[in-house]
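Scroll down for the structure; my scribbles are underneath it.
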Amino acid sequence: MKFESSDQAHSRGALTIASNVDSSDERVVSCGVDGIICVWDKNALSGNGFPKKREISDRTHSCCAMYNNQIYAGFTQTDLSTGVEKQVVGSFGVDDEEDIVKSIMNFSLDVTAVRVSKEWIIAGSSDFFVKRAERSDPSSGYSRYELNAQILDIQINPTEKVFAVSSCDGFVTFFAGNDTGAVCSHKIFSPIRDLDDAFPRVVMAWSVDGQSLFVPCKGMVKALTKKGDKWNIEREFKHYNDKDEDFSVAVTSPCGKWLAASSMASFIHIWEVDSGLLVSTADYGSERAGRITGLTYLGGKSEKLVIADSHGNMATLVEAGPSNQKKEGKKSNGFVEDEAMQENSFDANDREEDEEEEDDEIVVSKNKKFIVEDDEMDEDTRMSSSIAAIKKKYGYDDNGERVDGPEGDSFNEDPFSNIDAHPGNSVMRMEKMEKSVPVRVVEKYTPPTLPSYFSSASSPRNLSQRYIKWNGFGTIRVLDSDDGENSVEIRFHNTSIHSEMLISNSDIEYSMGDLNDKVVALSSRLKGASKHLYVKLLNSWDSADDHWKEGVIAGDLPEDVVVSPHFVALLCENRNIRVFTHAGTQRHLITHPTPILTLSAFSDRLAVVSIAGGPIFLSSKDEDDYEFPLVVNEYRLGVVSQWWSSSSMAGCPSPPVRDQSLALSKGTQLTWMGYTDRGRIVAQASDSVIRLLVSPPHSPSFWTPIFDGRDALTSPSDFIWPISVVEKPVTQLRYVYCRGVKYPMVTLKLNPIIANWSLPLCNKTSDKSSLEEQLFLNELALSAASETQEIKELSSNHLKTIIKLFSLALKGDRDSRAVEIANLTTSSKGVQLLVNWAAKQRRNALVDKVSEVGRRMAEEEDEALRHSYGREEEKEREAEETGRVLPKKIPLRRSIVAASASRYGMSEVKEESLLSPIEEPPSETDSQGAVFNLDASVSAPSRNPFKRSLDDSVADTSSTSVFDDLDSPAPTRKKLRETQNTTPLPITQKQAKLSFGSNKKRSGFDLWMEENEERLKGDFVGVEEDFSKYCTQAFRMLSATDKKEWRTKAESSS
């Protein structure tokens, strides 16, 4: 005998197991104290698979039973309307994950034992009561039996005429099914102080024929046998040990031949029931630390014993029987089933003899064999094993020569013509005819099934208590009270939005809904209802008009309802989408062309997921392995604007209708779809992977996974229920962890979990992958950022991450990778930082390569500036010719190098403290992809009063590139830079300055401004009021040496 361990699926605590009472399938159900019910098959028990889990409550009571495909268990249930906890016995289906848990009977204290049979459901509790109900109709009532102590165990006699109850006072009491009084009671074991793992559980077992009841006691297992109307102790099953162990759990084998019992010392003893002999003993304590709390045989065989312990572990004792047992069987003339013949008719030590004797078997059908004894063989049968007989049959002698004889012309004989000598010859002839005349079987074609509609963030609609909606704003759930009342409860995560609302739901039967911080919408599919849509305004200034109702036309019942800050959308079963304003005005009626799967809304947009085409078969062998292509159709609904006018839609970032194929993992189905707080679409598949739809400004959209929920799952039957996905200020998501089901249970107290976005990159634990993830997440945020301050922070983090990756590449001597990373910077100033870092590391070849990247980037920036100057001049020329006044809001475009320097914190001089601080207004990304631009809203005339020279400005900008002299020695570069900055450009036009007799000393900035004003005017593009800001920024761009020289000149001149 040996133990096979299973994966731990329960937390620490007493664990009870039970097998299927109705059948001999190899499944076992387990129940602990953690609120989880597990169903184990043989693969899960052997450690090659996982059990099927289902979380039914916050706390279960370590008692369960299974009949057919229905599971019965004791657990704690919370009344959501009153908050009162109840101890109940409930049931649910094994295979149907959406089957609700039905309450059968209630107790005042914890349930301690549950048993089920064909006719009865019996449960006991710590309140000294036992209740019995009819399994076919549990709602018809129950019988109650009272004892004098807490209930330990209940066992139903196989005849279903009597059941036995063990209690903590040491008594075993027998009850008849129809009589609430006890038939008899015997004190069999020592009293037990409490229901704890430190004391025996006294789990009894009936014999297969129901004549004996086995009760574990101290040092033995006692067998009670009925004589007349009383049950008396007839036999005792002991072990050969000087210690008197306390036995705890007993079980009989399905064949009725063996009795197994576990002791508190974690030994398992097995006796032969008829003889009472101890045939084997197994030490479970050497394998596990927990005490055994459950035993059951697996399936209808008596070879595997499943064990549960107090630490939540499961194990299987293989070959649970006597070690010297030898199966015996006898061959007989007749039909024998293959499986039975293999298991019961052959000795394991005689397999070689059996293989030799297979020549004596004549196969007469697919599942049966005809066995003929040697002494019963006739000539034709013997011919199958004799070469001489075969030769003689067809006219040949032993040497292979042809001979004449009565059988000499038998070449064309039917080899089955003499089959009459064999029993079963008609079967042989039938098989011969089937082989000669093949039968063509045409199977009926079953077309692929379309996926049905589901409401995102909503529980299945067949549940009586369910979540109508659970999103980032709050929850809407349907509740049932004990008095049969049905109500809708609406709660907000932020109670400042609105207090809790409770709406009666007994008459209208609301089954769909949605909510946000402005409106709550509920809808019903009740055919007889006059109003199917109910909308509640949360911030209405008119208290008399804070809600409204609407009905739909016949034959077009509601399918779902979603809300946004602008509208309420009602989907009907004929694919009609009816759009209302918050006040109830009908604004749109859209008929979607293809079957719809789900909806979601954000701002003025409505996302519709629908089927895009026919099924795609993933396997040529399995015709059920297919999937449908899905598409997201996003509508922009201007419910409070002139959507029909092209001018009202001008300047919108997206077209009125956008189509995007939906990306899911192979073989998965869509389970949830929604929006982030930035308005980007996210979707989750049945594999718990959440993907984000990324739509860059000038490139095609694509889907990228942002969270792999499979890393968070502890069991394949668990699931991730998304609540909301957040992009700012941090990239996070909130979800509910569901154990054993695909949706949260209303009866459970669930706390949402907050997790960061995590990309499923290769080798995630390495520093390189971690930085690559940071870089890509930063770029995802930059692709949707619009505020200047946010872009500053993201750009700064972007450059920091690039520098870290660059440094990591240098440490690993990956110079080619370092050059690739340099290309990811957003400005030439960032490349300059990388050049400086490479120079410090004395990587001269790398400095040259990165310098080439910087020069190329600087040329691109110059070209962008040159193109920008040309556009501005063209606009001004057209304005002068036509006399048209340009718009007041004109972009003030600075040099990209200057913008980068100000963003990454260049050094400043003392004179800058005299200047007023400059606040940058929100910026936008221009058509060349530059991130750092500056827009200013002004009210002055838009015509530029300054005359500039485009050639001079462009030439001057190109002459100041920091990458042209990187290969020269440092002193030479410094001297060249000093020469360039100290020599003023030729001034073609000087504007007179007015002096008001002030004796104020001139600063270095003033002197620099006087000598470079004309050049700055030529470079400047914008309104006159912003010229001083531009000059200040240009002065800040000077090096510390240049600024010091201008200060020295100003002091000497004064």
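The values are calculated or read from the model by the stated rules, or taken from the named source; none is laboratory data. The model shown is predicted, which means the values in this text are computed figures rather than measured ones. As a convention, Cβ positions derive from the backbone with ideal geometry for all residues, glycine included, and neighbour counts pool all protein chains shown. The area values use the complete protein model at the heavy-atom level, side chains included, leaving out ligands, DNA and RNA. Shrake-Rupley method; radii C 1.70, N 1.55, O 1.52, S 1.80 Å.
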> In segment 157-264, carbon and sulfur make up what percent of the accessible area (probe 1.4 Å)?
Replying inline: 46 percent
> Which percent of the accessible heavy-atom area of segment 687-791 goes to carbon and sulfur, probe 1.4 angstrom?
Replying inline: 54 percent
> For segment 275-284, in order, what is each residue's ³J(HN,Hα) by Karplus, 6.51 cos²θ - 1.76 cosθ + 1.60 with θ = phi - 60°, in whole Hz (x at glycine and Pro)?
Replying inline: 8, x, 7, 7, 9, 6, 9, 10, 9, 7
> Going down the table (764/804; 131/230; 666/804), which pairs top 27 Å between alpha carbons?
Replying inline: 666/804
>> Would any residue of segment 67-104 have its amide N under 14 Å from a label point 7 Å out along Cα→Cβ of residue 481? List them or say none.
In response: 79-84
>> I'd like the carbon and sulfur percentage of the solvent accessible area for segment 451-589, probe radius 1.4 Å, heavy atoms only, ligands and nucleic acids excluded.
In response: 46 percent
>> I want to check the label-to-label distance for residue 550 and residue 764. Put each point 7 Å from Cα in the C-beta direction and report it in nm to one decimal.
In response: 4.4 nm
>> For residue 493, what residues show an amide H to amide H distance below 5 Å, using hydrogens built from the backbone and excluding near sequence neighbours?
In response: 474, 475
> When ligands, DNA and RNA are left out and all protein chains stay put, how many square angstrom of accessible area per residue does segment 465-540 have with a 1.4 Å probe?
Replying inline: 43 Å²
> Taking the simple approach of a point 7 Å from Cα along Cα-to-Cβ for both residue 538 and residue 244, what is their distance in nm?
Replying inline: 7.0 nm
> In units of 2.2 N^0.38 Å, what is the alpha-carbon radius of gyration of segment 123-223?
Replying inline: 1.06
> Once you sort the root eigenvalues of the Cα gyration tensor of segment 173-262 as a ≥ b ≥ c, which label holds: rounded (a/c under 1.5), prolate (a/b larger than b/c) or oblate (the other case)?
Replying inline: oblate
> Toward the positive end of the charge dipole of segment 526-643, about the Cα centre and with charges on Cβ (Lys, Arg +1; Asp, Glu -1), which of 570, 613, 638 goes farthest?
Replying inline: 638
> Which percent of the Cα-Cα distances in segment 740-781 go past 13 Å?
Replying inline: 66 percent
> If we count every other residue with Cβ under 13 angstrom of residue 173's Cβ, Lys/Arg +1 and Asp/Glu -1, where does the sum land?
Replying inline: -2
> How much accessible area per residue does segment 114-220 have, in Å², with a 1.4 Å probe?
Replying inline: 41 Å²
> Which peptide among 585-596, 155-166, 777-788 comes first, and what is the full order, when sorted by highest mean count of other Cβ atoms within 10 Å?
Replying inline: 155-166, 777-788, 585-596
>> Which order do you get for 714, 676, 225 if you rank them by accessible area with a 1.4 Å probe, largest at the top?
In response: 714, 225, 676
> Which pairs break 29 Å Cα to Cα here: 222/301; 226/257; 53/238; 187/238?
Replying inline: 53/238
> Under a point-charge model restricted to the Cβ atoms of Lys and Arg (+1) and Asp and Glu (-1), what is the dipole moment magnitude of segment 92-138 relative to its Cα centre, in debye to the nearest 20?
Replying inline: 400 debye
>> Just to be sure I follow: if Rg is taken over the C-alpha atoms of segment 147-297 and Rh is the Kirkwood radius over the same atoms, what is Rg/Rh?
In response: 0.95
